[in-house]
Amino acid sequence: EMILEAAKSIAAATSALVKAASSAQRELI
Amino acid sequence: VDRLVILHEEAEDGNAMPDLSRPVQAVSNAVANLIKVGRDTINSSDDPILRQDMPGSLHRVEGASRLLEDACAMLKADPYSQPARYVRDLFVPHHQTSFSLPIFGNRKKLIDGARGILQGTSALLLCFDESEVRKIIRECKKVLDYLAVAEVIETMEDLVQFVKDLSPCLTKVSREVDSRQKELTHQVHRDILIRCLDQVKTLAPILICSMKIFIQIIAQGGKGAEEAAENRNYLAGRMTDEITEIIRVLQLTTYDEDEWE
């Protein structure tokens with residue numbers, strides 16, 4: 001259970017990182 | 001990761017990479033948590049294969065997280081750092097691409113870091129999942145061991161003990177296989193597990209009944225004992241086949257099936 005939760009947090013954080021990079025990049029473009 | 005690669009490509013136009021310190025820190029925190037939980041799992045597991053395989057995945061995630069942190073710090077200091085040249089080949093298989101040129105710098109580190117974290121996490125989950133499957137298989141094999149002694153039970157006393165031993169084991173297998181099939185995304189594998197489990201549940205009381213009949217027959221002089229033994233062995237064999245099939249399907253991955261592709 002804890003491993004699954006930890007992995008989900010990583011997926012969520014990585015997804016948020018990519019979204020942050022995308023939106024900031026779009027603003028620049 | 002694909003989206004990061006595209007961002008990286010767009011950076012060819014000379015755009016600066018944004019400051020990603022906060023989201024990267026969130027990823028680092030999530031990774032630190034996974035490392036902690038992963039280590040606890042390794043230390044508390046009695047599965048030698050998990051204890052051998054999982055540390056590699058943890059190291060990979062840990063290293064990738066450092067790569068991401070480094071890249072983020074360096075990109076913050078120099079947002080125009082080393083733009084990409086050709087990166088499409090990063091996610092196009094080599095046999096399909098006509099060019100393969102390297103990409104450089106901190107943006108590559110960022111992409112490699114994100115990819116390493118996701119691949120490492122995926123490997124870790126797979127390692128954990130395989131260990132869970134081995135646990136269920138251990139229980140299935142206990143049932144097989146009990147079924148193998150069905151043939152030598154010749155008294156009611158032994159039969160009572162046989163049922164006492166087999167029942168909790170069968171209940172556990174039934175519960176674990178049922179919860180496993182619910183987790184599977186592969187419909188064919190799910191269906192086979194459900195079907196085999198139903199068969200096992202149907203056959204178990206019939207097997208016990210046939211064993212009881214055999215014992216009663218030999219207690220009354222033995223007429224018809226041979227047929228009763230045959231019937232009992234047939235039922236034990238059927239159950240053995242179903243459990244063996246459950247073990248086989250539990251070990252399959254989606255990649256074993258053409259239709260998945």
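The values are calculated or read from the model by the stated rules, or taken from the named source; none is laboratory data. Note that the coordinates shown come from a computational prediction; the quantities given were computed from them, not determined experimentally. Every residue, glycine among them, receives a Cβ derived from its backbone with ideal geometry; neighbour counts consider all protein chains shown.
Please determine, by comparing only the residues of the stretch B:204-246 that are exposed (fewer than 14 other Cβ atoms within 10 Å of the Cβ) and hydrophobic (A, V, I, L, M, F, W, C), which one is nearest to residue B:155 (Cα to Cα). So, considering only residues that are exposed (fewer than 14 other Cβ atoms within 10 Å of the Cβ) and hydrophobic (A, V, I, L, M, F, W, C), the one nearest to residue B:155 (Cα to Cα) is B:219. Whether any residue in the stretch B:34-53 is at pLDDT below 85, within 29 Å of the chain's Cα centre (by Cα) and outside any loop (DSSP other than H, G, I, E, B) is what I want to check. No, the stretch B:34-53 contains no residue that is at pLDDT below 85, within 29 Å of the chain's Cα centre (by Cα) and outside any loop (DSSP other than H, G, I, E, B).
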